[in-house]
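Comments concern the structure below.
The values are calculated or read from the model by the stated rules, or taken from the named source; none is laboratory data. From a predicted model like this one, the values you see are computed outputs, not experimental measurements. We place every Cβ from the backbone using ideal geometry, glycine too, and count neighbours over all the protein chains shown. Heavy atoms of the whole protein, side chains included, go into the accessibility calculation; ligands, DNA and RNA do not. Shrake-Rupley method; radii C 1.70, N 1.55, O 1.52, S 1.80 Å.
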Amino acid sequence: MALNPNRYAATAGTVSQEEIDSGLRSYMLRVYNYMALGVALTGGLVFAMANDITLLQAAFDAKWIIFIALIGMGFFSHKIITMRSTVAAHVFYWAYCALWGVLIAPMVAGFLQQDPALVARAFFITTGMFAGISLFGYTTKKNLSAFATFFMMASIGLLIAILVNVFFLQSTMFSLVTSGAVVLLFAGITAWETQMIKNMYMENLGDSQITKYALFGALMLYGSFVTMFIHILNILAILRGE
């Protein structure tokens with residue numbers, strides 16, 4: 001059972017540090033499990049759609065609608081914590097993961113048809129990078145919250161740069177540069193998010209909120225993972241001349 005250290009502040013000594021640490025580990029494991037299941041759902045949708053031209057075309061035609069929907073859901077993702085129903089929080093999270101699967105299906109399906117090994121390589125590189133960076137965010141004593149404003153401004157700047165390249169420049173080299181910048185940026189964001197998720201438990205979490213906090217944390221980490229995967233795949237494809 002998860003514990004809230006603040007809740008026991010008035011009765012110091014009734015809850016040991018070992019119990020608090022055990023609760024934190026259980027909470028973080030739940031966050032990572034939700035995130036992994038979200039990635040699995042996204043991957044399952046991609047593979048299910050990969051051989052259906054009609055579905056892929058429909059997803060491609062609706063890509064900007066889905067993209068805007070995902071931006072909006074990401075912006076309001078913190079509302080998961082204040083939702084009255086845990087079921088509603090679950091629906092929000094799994095819908096977010098499903099929409100990502102539909103959005104990236106046409107792109108990933110194209111690479112699967114050309115070179116499945118390229119997709120697998122991108123996935124394993126992303127997994128290894130994510131694991132290392134998230135571990136750093138969990139263990140570091142440095143306060144990463146100071147970078148929050150920079151991360152937000154850099155994300156907006158890169159999003160604008162990517163859209164400019166898509167609609168106007170259409171430059172492969174510029175795409176390579178922006179993808180590299182996105183991977184580095186979201187590596188930093190992953191470390192910051194991990195530390196923030198850990199701190200949410202230590203500072204605010206109560207037993208009744210554990211699932212909502214875990215889903216919110218999973219959504220943040222999931223978004224960073226998928227974003228890094230997309231751009232690592234793009235980098236590998238460009239370097240191979242595809």
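Each residue in region 132-173 was checked for being farther than 24 Å from S26 by Cβ and surrounded by 15 or more Cβ atoms within 10 Å (Cβ to Cβ), and 8 pass. Any chance region 116-131 includes a residue that's over 21 Å from L184 (Cα atoms) and in a helix (DSSP H, G or I)? Yes, there is a match, as at least one residue in region 116-131 is over 21 Å from L184 (Cα atoms) and in a helix (DSSP H, G or I). Regarding region 63-81, can at least one residue be identified that is open to solvent by 60 Å² or more (accessible area, probe 1.4 Å), in contact (Cβ under 8 Å) with a residue 24 or more places away in the chain and hydroxyl-bearing (S, T, Y)? Among the residues of region 63-81, not one is open to solvent by 60 Å² or more (accessible area, probe 1.4 Å), in contact (Cβ under 8 Å) with a residue 24 or more places away in the chain and hydroxyl-bearing (S, T, Y), which makes the answer no. When I189, I230, I210 are screened for being among the hydrophobic types (A, V, I, L, M, F, W, C), surrounded by fewer than 22 Cβ atoms within 10 Å (Cβ to Cβ), at pLDDT 95 or above and within 22 Å of Y96 (Cβ to Cβ), only I230 passes.
Please determine whether any residue of region 196-205 is assigned to a helix (DSSP H, G or I), of a type in the set (F, W, Y) and open to solvent by 20 Å² or more (accessible area, probe 1.4 Å). The answer is no, given that none of the residues of region 196-205 is assigned to a helix (DSSP H, G or I), of a type in the set (F, W, Y) and open to solvent by 20 Å² or more (accessible area, probe 1.4 Å). One residue is enough: does region 82-97 have a residue meeting the conditions surrounded by 18 or more Cβ atoms within 10 Å (Cβ to Cβ) and within 30 Å of R240 (Cβ to Cβ)? Yes; the residues of region 82-97 include at least one that is surrounded by 18 or more Cβ atoms within 10 Å (Cβ to Cβ) and within 30 Å of R240 (Cβ to Cβ).
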